[in-house]
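The block underneath contains the structure these notes are about, expressed in structure tokens.
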Amino acid sequence: MAAMRGNDDTSVPFMKMHGLGNDFVVIDARAHSIDVSPTLATALGDRHRGVGFDQLAVISDGPEFVHLTFYNSDGSLSSACGNATRCIARHLMDQTAEKTIKLSTERGVLHAIDVGNGLTSVNMGTPQLNWQEIPLASEMDSLELPIEGAPTATGMGNPHCTFFVQDLSDVDVPAIGALHEHHPLFPERTNVQVAQIVGPDHIRMRVWERGVGMTLASGSSSCAVAVAAARRGLTSRDVRLDLDGGSLSVSWKDDGVWMTGPTRHVFSGTLTPEFLDEIS
């Protein structure tokens, strides 16, 4: 079975959320038991026959904190999803009237804060800069990879490959993303970003996500670009990043990489028995 029904044996509730157009289906498995498989995730991610999303996020109970599990639209797992983490943190803080919350992910325990004005900040953890942690296929300096364009590799719980260019408008980002997602230097595939430095605290970027394709925004990618730019001496550690879907602020601090931006709960719905039966 791809999925078990909710408590009323008729449907499974879900929420549709997005951060800067980076969109998610969120299922709270604490209230409605559902066995998520790659088949279910892929069917849900179909924008014509399912609901459609960049990532599926499943909320479950953890030993200490609420746990989040992420799936890409091709059914593959992702250890980190910054914008989805912010969206769910905002939802849970609204439910409890708390201003801070901790969430468990495969990346580790992440700390989120309501910073006011509709903005939510999450600490995405310390960046992984060593080739083994990212991971890369063999020992090398992650600052400049032996790939045309000398991109920088960064781990944020998932691997990232960042190209810096003079003029982003001249670059075919989908072609670069599709080419490098499966590059042999990245045994677990990689997210690909192409970034242009606008100023010492300002970056314009576009994102190709592994297992998804082009997305309007990506939280972990934004963190990776900010870290890569700071490591290369191109910007400070506090930057604004303009993506296709809007802007995020990223601050690389001693305790981790803090990412701040807006979230939106668009609608709530239910997965019907007919849909679940079709993919079971």
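Peptides 86-96, 189-199, ordered by how many other C-beta atoms sit within 10 Å of their residues on average, highest first, read 189-199, 86-96. The equivalent ellipsoid that matches the C-alpha gyration tensor of the stretch 126-280 spans semi-axes of 27, 20, 16 angstrom, in descending order.
Taking a span of 15 Å or more along the helix axis (Cα atoms) and a mean Kyte-Doolittle hydropathy of at least -1.0 as the rule, the DSSP H helices of the chain that qualify are 82-96, 219-231.
Pairs of Cα atoms in the stretch 166-228 fall into 5 Å distance bins, from 0 up to the last occupied one, in shares of 4, 19, 28, 26, 16, 6, 1 percent.
Taking a quarter of the surface of the Cα convex hull of the stretch 30-143 gives a mean projected area of 9.5 nm².
Computed packing ranks the peptides 111-121, 248-258 as 248-258, 111-121, most packed first, by mean other Cβ atoms within 10 Å. Taking the DSSP beta bridges in the stretch 131-280 as the whole, what percent of them are antiparallel, to the nearest 5? Antiparallel bridges make up about 75 percent of those DSSP assigns within the stretch 131-280. A full extension of the chain between Glu139 and Glu188 corresponds to an added length of 16.1 nm, given 0.36 nm per residue minus the alpha carbon distance. Here the peptides 149-158, 30-39 are ranked by packing, the mean other Cβ count within 10 Å, and the order with the highest first is 149-158, 30-39. The equivalent ellipsoid of the chain has semi-axes of 31, 21, 17 Å, largest first, where each one is the square root of 5 times an eigenvalue of the Cα gyration tensor.
Values in this text are rule-based calculations from the coordinates and carry no lab data. Treat the numbers as computed from the prediction; the structure is a model and nothing was measured. Because the Cβ atoms are built from the backbone with ideal geometry, glycine has one as well, and the counts that use them run over all protein chains shown.
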